[in-house]
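Everything below concerns the one structure shown next.
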């Protein structure tokens with residue numbers, strides 16, 4: 001064994017070089033340090049509690065202000081009902097998930113759509129309309145199914161994101177036709193006024209992503225550029 005600095009031959013058992021006082025380094029006794037720790041640290045997540053509290057205070061304050069103004073000016077709720085129900089929908093969509101450190105969006109997405117459906121139902125009833133069941137409700141239900149399915153597929157299915165997104169675009173294209181169909185049945189407007197423009201766009205984009213998922217070269221190029 002020799003000194004790593006001056007090269008002098010060292011006796012067994014010495015801790016430093018007698019000539020240059022350099023600590024002895026023995027490669028046979030050196031312990032290799034792992035590049036990574038044996039246990040991975042837990043993912044650090046900042047608490048969403050401050051945001052939840054702030055949004056709650058904001059929404060409660062807004063409701064109090066709306067009630068005070070409406071009661072003083074009109075002696076009744078008047079337009080305040082629309083505003084308060086809108087604040088309630090805002091709270092469910094944006095504030096409620098912040099009370100949870102790890103919100104399950106496969107649950108909150110349907111909850112958000114339910115909040116939107118209740119808000120639209122209130123508007124429909126207050127305006128004396130009859131379009132909720134034939135137009136608003138099916139549109140909201142289909143939107144809920146599409147968005148929930150997309151989230152679950154992206155979260156739980158490994159790979160195949162091009163196929164998932166391609167299928168989503170095709171679904172959205174068909175969804176636009178259904179929206180116009182519900183509009184036609186409910187309000188009596190002409191069919192295919194705008195959906196025939198949106199359907200080809202979503203269909204072409206969806207088919208392109210499906211083909212890209214089947215062609216290795218194109219798939220790798222898209223994955224590098226878009227992180228699919």
Quiz prompt | Approximate spin-label separation residue 56-residue 137, in nm, with each point projected 7 Å along Cα-to-Cβ | solution = 3.3 nm
Quiz item: Could you state the principal axis extents of the C-alpha atoms in the range 158-228, from the largest down, to the nearest angstrom?
Solution: 48, 22, 17
Exercise. Over the range 105-215, calculate the relative contact order: mean separation of alpha carbon pairs under 8 Å at least 6 apart, over the residue count, as a percent.
Key: 28 percent
Quiz prompt | Label selected from (1) 31.4, 101; (2) 16.8, 52; (3) 17.7, 59, the criterion being Rg and Dmax of the Cα atoms in Å as computed here | solution = (1)
Quiz item: Each label point is 7 Å from the Cα along the Cα-to-Cβ direction; what then is the distance between the points at residue 93 and residue 197, in nm?
Solution: 2.5 nm
Self-check item: Relative packing of peptides 215-225, 89-99 - highest average C-beta neighbours within 10 Å first
Solution: 89-99, 215-225
Practice problem: Grab the DSSP H runs of the chain that are 4 residues or longer, score each as -39,500 (n - 2.57), total them, divide by all residues and round the 222 nm result to the nearest 500 deg cm²/dmol. | Solution: -20500 deg cm²/dmol
Practice problem: Report the label-to-label distance for residue 190 and residue 47 in nanometres (one decimal), using points 7 Å from each Cα along the Cα→Cβ vector. | Solution: 6.0 nm
Practice problem: Pick out which of 200, 18, 50 has the largest mean-square fluctuation in a Gaussian network model of the chain, springs linking Cα atoms closer than 10 Å. | Solution: 18
Practice problem: For residue 65 and residue 127, compute 0.36 nm times the residue count separating them, minus their Cα-Cα distance, and round to one decimal in nm. | Solution: 20.0 nm
Practice problem: Within 10 Å, count the other beta carbons around each residue, average over each peptide in 164-173, 60-69, and list them highest first. | Solution: 164-173, 60-69
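Values quoted throughout were computed directly from the atomic coordinates according to the rules given, and no laboratory measurement underlies them. Keep in mind that what you see is a predicted model, and the values were worked out from it rather than measured. Reconstructed Cβ throughout: ideal geometry from the backbone, glycine too, with neighbour counts over all protein chains shown.
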